[in-house]
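Worksheet: the structure to be examined is printed underneath.
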Amino acid sequence: MKKILIVSFALAFVLGTFPTAALANGSSCTNCTDHTIEVVSDTSNIVLPGGGNAVPVTFIHPAWTASIPGATWIWSVDPVANPTTDEFSTFEKSFNVSGVVTSAVLDIASDNSYKVWINGTLVGEDASENNFSSADQYTATVVSALQSGANTIKIEVKNWALGGGTSETNPAGLLYKLVVNSTECPPPCCLGEVKVKNRNRAVVTNNMSVVANTGGNVTAGGSGGNGGTSGSTIAVAGSCQEYSSTSISDTSNTVVGDGSAVAIVPHPAWTASIPGSTTWIWKSGATAANETVAFEKSFTVVGAVLSAQLDIASDNSYKVFIDGVEVAADAAENNFQLATQDVHNLTASVTTGTHILRIEVKNVGTYNTSTNPAGLLYKLVVNSKECPSGSTAIGGSANGGNGGSNSGNITTGNASARSSVMNRVNTNITRVRR
């Protein structure tokens with residue numbers, strides 16, 4: 001079956017002495033734009049239920065030493081309505097992200113405990129009482145919960161009851177800032193202006209559609225001028241295809257020296273969460289004290305890489321390699337928690353072709369499924385785009401009408417839509433009367 005690709009462009013015949021051709025593409029077509037947005041606690045936050053706006057807290061308690069530049073302490077009312085009883089307030093704010101998210105950091109403090117969701121996914125919580133101090137304010141990466149386009153952050157804060165408390169001895173408040181960085185890249189240009197110089201003084205301008213297929217190219221002609229010998233015609237054809245490759249922790253991973261990985265039951269302390277059918281995995285054989293276990297998985301990237309993001313959690317430390325080159329690591333022992341799981345931007349480390357992802361996890365101490373378990377949880381997502389090259393044709397002779405409205409055909413030989421092919425073309429432009 002013939003594969004057909006269609007592209008429209010303007011063709012101009014400018015008469016001169018020798019046949020020449022030029023294709024001009026705007027240099028800005030392939031430029032990417034970086035974006036940064038900040039979502040903060042302010043009066044644009046909506047209080048749920050009811051839909052009213054949050055209000056700034058006028059009394060800042062001396063114990064509230066948390067500092068988040070650009071954010072304002074807010075609550076549902078000011079001052080707090082019921083300082084002697086447990087009181088919950090929920091805040092929500094919507095925002096838009098342009099392009100692919102490359103990083104996202106959430107800073108938050110509250111009086112007292114809180115839970116945070118982004119697009120319905122729980123990304124952070126702290127049930128302790130003193131989240132208002134600088135020592136206890138929370139910072140986390142939340143890239144995996146965000147998406148291109150519309151997003152929503154929701155935060156529920158509980159002000160703990162204090163017997164005999166007042167609005168000054170038991171205040172309530174929320175302070176937060178979410179910073180999201182993203183990159184927006186337009187598709188590569190497939191359009192161009194084609195200029196052709198001929199041997200006489202006729203000028204023909206065509207607005208044409210080129211149909212490129214494996215059997216030949218056909219072009220409808222435009223309004224004619226004084227005919228003459230045609231010059232060179234460049235036909236640019238093709239469409240781009242986007243791809244997304246996802247590699248996750250599952251039983252298709254290979255444990256170096258131990259066969260396939262096995263799925264394991266998460267330990268209660270493993271609060272890390274990576275959406276997308278990921279599974280905590282480990283080796284099937286016995287685990288020695290302080291052993292480092294290596295997991296490998298191959299993946300293939302088609303076209304140019306647009307973004308590559310790795311979400312990872314482990315018990316305990318880990319190192320990540322792509323084709324033998326270390327690209328990420330965390331030597332901490334508590335990488336299994338929601339607050340400590342990591343997100344790495346690996347865009348610069350991934351290229352077109354087939355690669356080997358290798359993750360080495362070290363279990364510190366003597367392995368025990370109850371008191372000292374070991375495991376790996378990860379997801380690598382690579383987005384890419386492949387664009388075929390255009391096909392090129394060299395024109396032959398052309399006989400045009402005298403100022404009339406013309407239509408005609410330009411027929412090429414066999415041409416692949418995904419490679420550059422040069423063909424001799426005989427063109428015939430015949431006069432069509434209105």
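The values are calculated or read from the model by the stated rules, or taken from the named source; none is laboratory data. Just so you know, these numbers come straight off a predicted model, no measurement behind them. Heads up, the Cβs are rebuilt from the backbone with ideal geometry, glycines too, and the neighbour counts pull from every protein chain shown.
What is the number of the single condition among (1) within 20 Å of the chain's Cα centre (by Cα); (2) among the polar types (S, T, N, Q); (3) assigned to a strand (DSSP E or B) that Ser314 does not meet?
Among (1) within 20 Å of the chain's Cα centre (by Cα); (2) among the polar types (S, T, N, Q); (3) assigned to a strand (DSSP E or B), the lone unmet condition for Ser314 is (1).
Taking only the stretch 56-85 into account, find how many residues are surrounded by fewer than 17 Cβ atoms within 10 Å (Cβ to Cβ) and part of a strand (DSSP E or B).
1
Could you please find all residues in the stretch 310-328 being in contact (Cβ under 8 Å) with a residue 12 or more places away in the chain and surrounded by fewer than 20 Cβ atoms within 10 Å (Cβ to Cβ)? Walk me through it before giving the result.
So the first thing to find is which residues in the stretch 310-328 are in contact (Cβ under 8 Å) with a residue 12 or more places away in the chain, and the list is 310-325, 327-328.
Within the stretch 310-328, Ser317, Lys319, Phe321, Asp323, Gly324, Val325, Val327, Ala328 meet the criteria.
What number of residues within the stretch 115-131 satisfy the criterion of being assigned to a strand (DSSP E or B) and surrounded by fewer than 22 Cβ atoms within 10 Å (Cβ to Cβ)?
So in the stretch 115-131, the residues assigned to a strand (DSSP E or B) come out as 115-118, 121-126.
Next, from what is left, pick out any that are surrounded by fewer than 22 Cβ atoms within 10 Å (Cβ to Cβ): 115, 117, 121-122, 124-126.
Residues flagged as assigned to a strand (DSSP E or B) and surrounded by fewer than 22 Cβ atoms within 10 Å (Cβ to Cβ) within the stretch 115-131 amount to 7.
Conditions first: (1) surrounded by 20 or more Cβ atoms within 10 Å (Cβ to Cβ); (2) more than 28 Å from the chain's Cα centre (by Cα); (3) part of a loop (DSSP other than H, G, I, E, B). Ala269 passes all but one, so which condition is the exception?
It fails just one condition, (1).
Output the residue which, of all residues in the stretch 272-285 that are aliphatic (A, V, I, L, M) and over 18 Å from Asn368 (Cα atoms), is surrounded by the fewest Cβ atoms within 10 Å (Cβ to Cβ). Let's see the steps before the verdict.
Step one: list which residues in the stretch 272-285 are aliphatic (A, V, I, L, M), which gives 272, 274, 281.
With over 18 Å from Asn368 (Cα atoms) added as a condition, the list becomes 272, 274.
Working: Ala272: 25, Ile274: 21.
In this case the residue turns out to be Ile274.
Per-residue answers, yes or no, for (1) within 19 Å of Gly70 (Cα to Cα); (2) modelled with pLDDT under 95:
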{"residue": "Thr85", "(1), (2)": "no, no"}
{"residue": "Thr90", "(1), (2)": "no, no"}
{"residue": "Lys93", "(1), (2)": "yes, no"}
{"residue": "Ala104", "(1), (2)": "yes, no"}
{"residue": "Asp107", "(1), (2)": "yes, no"}
{"residue": "Ser110", "(1), (2)": "yes, no"}
{"residue": "Trp117", "(1), (2)": "no, no"}
{"residue": "Glu129", "(1), (2)": "no, yes"}
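Which of the residues that make up the stretch 251-265 are assigned to a loop (DSSP other than H, G, I, E, B) and surrounded by fewer than 16 Cβ atoms within 10 Å (Cβ to Cβ)?
Pass one, the stretch 251-265, residues assigned to a loop (DSSP other than H, G, I, E, B): 251-253, 256-258, 261, 264-265.
Answer for the stretch 251-265, where residues must be assigned to a loop (DSSP other than H, G, I, E, B) and surrounded by fewer than 16 Cβ atoms within 10 Å (Cβ to Cβ): Thr251, Ser252, Val256, Gly257, Val265.
Can you tell me which residue among Leu357, Leu346, Leu306, Leu338 is at pLDDT 95 or above, in the same structural domain as Ser284 (by TED's automatic domain parsing) and not small (Gly, Ala, Ser)?
Details: Leu346 fails: at pLDDT 95 or above; Leu306 fails: at pLDDT 95 or above; Leu338 fails: at pLDDT 95 or above.
Just one listed residue meets the conditions, Leu357.
Within the stretch 289-309, does at least one residue satisfy the condition of being surrounded by 15 or more Cβ atoms within 10 Å (Cβ to Cβ) and free of Cβ contacts under 8 Å to residues at least 60 places away in the same chain?
Looking for residues that are surrounded by 15 or more Cβ atoms within 10 Å (Cβ to Cβ) and free of Cβ contacts under 8 Å to residues at least 60 places away in the same chain, one finds none in the stretch 289-309, hence no.
Specify which of the listed residues (Leu346, Leu338, Leu357) is more than 25 Å from Ser244 (Cα to Cα), surrounded by 13 or more Cβ atoms within 10 Å (Cβ to Cβ) and within 22 Å of the chain's Cα centre (by Cα). Reasoning before the result, please.
Numbers: Leu346 fails: more than 25 Å from Ser244 (Cα to Cα); Leu357 fails: more than 25 Å from Ser244 (Cα to Cα).
The unique qualifying residue is Leu338.
State the number of residues belonging to the stretch 30-55 that are exposed (fewer than 14 other Cβ atoms within 10 Å of the Cβ) and among the aliphatic types (A, V, I, L, M).
Residues that pass the stated criteria total 0.
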